[in-house]
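Inspection log for the structure reproduced underneath, given as structure tokens.
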Amino acid sequence: MARNKTNAADIDIGISAKDRQRIAEGLSRLLADSYTLYLKTHNFHWNVKGPMFQTLHLMFEAQYNELALAVDLIAERIRALGHPAPGTYKEYARLSSIPETEGVPEARAMIQLLVEGQEAVARTARRLFPVVEKAADEPTADLLTQRMQVHEKTAWMLRALLEK
């Protein structure tokens with residue numbers, strides 16, 4: 001008779017329950033940062049104005065669409081490790097390293113805030129790497145590598161807009 005694998009402790013994928021817990025906690029912080037950045041980017045997409053409106057409006061849209069796909073991948077990895085994915089504003093506020101932006105900044109400030117957000121997500125992903133490598137969790141390592149690549153490239157592209 002097949003064993004019911006509903007308990008996280010019953011999962012046997014070659015990663016200990018303790019390591020899966022630590023990785024899920026780190027991924028939860030990555031999810032919170034990614035979702036917070038998604039909300040900030042979407043907000044800026046709606047509210048940007050000025051001479052670069054069309055460029056920034058479209059750029060921010062592409063960025064929040066990419067983040068919307070990313071949060072799903074991160075949450076699904078947390079679930080594959082046998083843990084619940086955080087999904088409330090309260091949890092994200094507690095877990096995220098990205099501060100909320102009040103009001104509507106001017107376009108240049110929006111760009112700077114998004115650079116900071118992209119860099120914060122990259123740092124959060126990078127901090128989880130030692131735990132993931134120790135556990136030989138290649139799927140999570142691959143996810144983290146992809147996320148860092150996207151966030152570092154996006155930060156560079158946004159930073160280029162700030163140069164004189």
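Roughly how many nanometres apart are two label points built 7 Å out from the Cα toward the Cβ at ALA109 and GLU25?
3.6
Pairs of Cα atoms under 8 Å, at least six residues apart: use those to get the relative contact order of the chain, whole percent.
30
If each of LYS164 and LEU69 carries a label point 7 Å out from its Cα toward its Cβ, how far apart are those two points in nm?
Modelled inter-label distance: 3.8 nm.
Find, to one decimal place in angstroms, the Kirkwood hydrodynamic radius of segment 9-164, where the mean of 1/r is taken over every pair of different Cα atoms and then inverted.
This gives a value of 16.1 Å.
Starting from 0.36 nm per residue, how many nanometres of slack lie between SER97 and ALA136 once their C-alpha separation is accounted for?
Taking SER97 through ALA136 to full extension adds about 11.4 nm, to one decimal.
Please find, in a Gaussian network model of the chain (springs between Cα atoms separated by less than 10 Å), the residue of PRO99, PRO51, PRO139 whose mean-square fluctuation is greatest.
The residue with the greatest mean-square fluctuation here is PRO51.
Listing LYS134, LYS40 from the residue with the fewest other Cβ atoms within 10 Å to the one with the most, what is the order?
LYS134, LYS40
Read-outs throughout are calculated quantities, based only on the coordinates presented, and are distinct from any laboratory measurement. Predicted model only: the values in this text are computed from it and were never measured. Quick reminder, even Gly has a Cβ in these numbers, built from the backbone with ideal geometry, and neighbours come from all protein chains shown.
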